[in-house]
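Below you will find the structure I want to go over with you.
Bear in mind these aren't lab numbers, they're just calculated from the coordinates by the rules spelled out. All values reported here derive from a predicted model rather than from experimental measurement. Cβ atoms come from the backbone with ideal geometry, glycine included; neighbour counts cover every protein chain shown.
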Amino acid sequence: MLTYSVSTIFTYVCILLAVAFFTLLERKGLGYFQIRKGPNKVGIMGLPQPLADAAELLTKELTKPSLANQSPYFIAPILSLILALILWQLNPLENSSGFIKWGILFFLCVSSLNVYGTLLAGWSSNSNYALLGALRAIAQTISYEVSLALILLFSLFTSETFNLLEIKSFNELVWFVFLLSPIMLVWLVSCLAETNRAPFDFAEGESELVSGFNIEYGSGGFALIFMAEYANILFMSLLTSVLFFGGSSLIFTDDIIMIVKTLFFAFFFIWARATLPRFRYDLLMSLTWKGFLPVALSALCLVMGMILLL
């Protein structure tokens, strides 16, 4: 039990550090995409910049709007970060001390709760912009969860297990991406929408909602919401690499290869933000209900038929 607790705390600390330096990667990446320099003044090549930003945010005075509902206002960022970190209990590395057997089911349950943090943040701020951003985020997340759940069924039916380690080892010889390439593209787009990232960042929508659901947050509250968002991005990148790019037959380097694949998909989120303009909201909802849902259901019926025939 002590080993498991220490391992869990160590994992959470590593995730928070990864989130900090992923924000630096994003700022550097966006800078070079836009032919300019990213952060480069703090320390060597700007490497301590995330630590400086964290120190600045966490030492600022903690304030709240005078008309805000105080308890939910302060609970929302904490809840968002806790749910984001709990997902990392599913980390499918070979040397993890504890592992959840029903991992995919656990992922669906916890990711469904993520909307409550956004709902509390938007509603308790008592701001029209925040409430509109929260409502957009809830409708968007619930809609794209349907696509994500259906696509997860492909891996479950093929590998016949809920365990992420078993799914990873099942497709280490022939990755699922070669069998389900169109479905993988649908998954990537759904991941962008599920994490409220550009070009589907309607929950924030700076050009319309002036930062949306988190407009009334500053200092520590904003930092917690920020960390929760980026922890979710890194986890979805990890899940993508496990589901569609499997493991490696090289035992000693399997975890390292998995980390490299996760970093590639995490960079994909930055790449999409730098490249694509924001969608219209009605087009976003039309895409999942009139596009992804029929495609996923049809492909699922096809795969189920093939499995039954074999």
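With the Cα gyration tensor of segment 1-98 giving a ≥ b ≥ c as the square roots of its eigenvalues, does the rule (a/c under 1.5 for rounded; else a/b larger than b/c for prolate; else oblate) give rounded, prolate or oblate? Mind dumping the intermediate values first?
Numbers: a/c = 2.19, a/b = 1.12, b/c = 1.95.
Taking the square roots of the gyration eigenvalues as a ≥ b ≥ c, segment 1-98 is oblate.
Could you line up M306, M236, M258 from fewest to most neighbouring Cβ atoms inside 10 Å? Walk me through the numbers on the way to the answer.
On the way: M306 11, M236 26, M258 22.
Lowest to highest Cβ neighbour count: M306, M258, M236.
Arranged by the count of other C-beta atoms within 10 angstrom, fewest first, what order do D282, D254, D201 take? Before the final figure, lay out each step's value.
On the way: D282 8, D254 19, D201 22.
Ordered by Cβ neighbours within 10 Å, fewest first: D282, D254, D201.
Something else: Between V174 and F21, with labels modelled 7 Å along Cα→Cβ, what's the label distance in nm to one decimal, could you check?
My value for the distance between the label points is 3.8 nm.
In degrees, nearest 10, range 0 to 90: what is the angle between the Cα axis of helix 293-309 and the longest Cα principal axis of the chain?
Relative to the chain, helix 293-309 is tipped by roughly 30 degrees.
Please compute the length gained on full extension between F267 and A149, using 0.36 nm multiplied by the number of residues separating them and subtracting their Cα-Cα distance. Write down the numbers at each step before the final one.
Details: separation 118, 0.36 × 118 = 42.48 nm, distance 2.36 nm.
The span from F267 to A149 would gain 40.1 nm if fully extended.
On a straight-distance basis, which lysines could pair with K101 in a cross-link, Cα separation under 16 angstrom, same-chain partners fewer than 8 positions away excluded?
Within the straight-line limit of under 16 Å, K101 reaches these lysines: K168.
Starting from the Cα gyration tensor of segment 1-53, take the square roots of the eigenvalues, sort them a ≥ b ≥ c, and report rounded, prolate or oblate (rounded when a/c is under 1.5, otherwise prolate if a/b is larger than b/c, else oblate).
Working: a/c = 5.56, a/b = 2.74, b/c = 2.03.
Since a/c reaches 1.5 and a/b is larger than b/c, the shape of segment 1-53 is classed as prolate.
While we're on this one: How tilted is helix 49-59 with respect to the longest principal axis of the chain? Cα atoms for both, answer in degrees (0 to 90, nearest 10).
50 degrees
Could you calculate the FRET efficiency of I307 with I86 from 1/(1 + (r/R0)^6), where r is the beta carbon distance between them and R0 is 25 Å, rounded to 0.05?
Values: r = 32 Å, r/R0 = 1.29.
Between I307 and I86 the formula returns 0.20.
OK, next. Determine the gain in length on full extension of the stretch K60-Y4; use 0.36 nm per residue of separation and subtract their C-alpha separation, reporting nm with one decimal.
Values: separation 56, 0.36 × 56 = 20.16 nm, distance 3.44 nm.
Between K60 and Y4, full extension yields 16.7 nm more.
Report the extension gain between S219 and L47 in nm, rounded to one decimal, defined as 0.36 nm multiplied by the number of residues separating them, less their alpha carbon distance. Walk me through the numbers on the way to the answer.
Working: separation 172, 0.36 × 172 = 61.92 nm, distance 2.14 nm.
The span from S219 to L47 would gain 59.8 nm if fully extended.
Quick one: among F213, F235, F33, which has the greatest mean-square fluctuation in a GNM of the chain with alpha-carbon springs under 10 angstrom?
Looking only at F213, F235, F33, the biggest GNM fluctuation is shown by F33.
Based on the Cβ-Cβ distance of R36 and R280, what FRET efficiency does E = 1/(1 + (r/R0)^6) give at R0 = 30 Å, to the nearest 0.05? Could you put the intermediate results ahead of the total?
Working: r = 29 Å, r/R0 = 0.95.
Efficiency, from the Cβ-Cβ distance: 0.60.
Let me ask another. Using +1 on the beta carbon of Lys and Arg, -1 on that of Asp and Glu, and nothing else charged, what's the dipole of segment 65-309 about the Cα centre, debye to 20?
260 debye
On to the next question. Give me the angle, in degrees from 0 to 90, between the Cα long axis of helix 103-124 and the longest principal axis of the Cα atoms of the chain, rounded to the nearest 10.
Rounded to the nearest ten degrees, it is 20.
Continuing with this model, one more query. What base-10 log of the normalised intensity I(q)/I(0) is obtained for the chain from the Debye formula, alpha carbons as equal point scatterers, at q = 0.09, 0.16 Å⁻¹?
-0.47, -1.48
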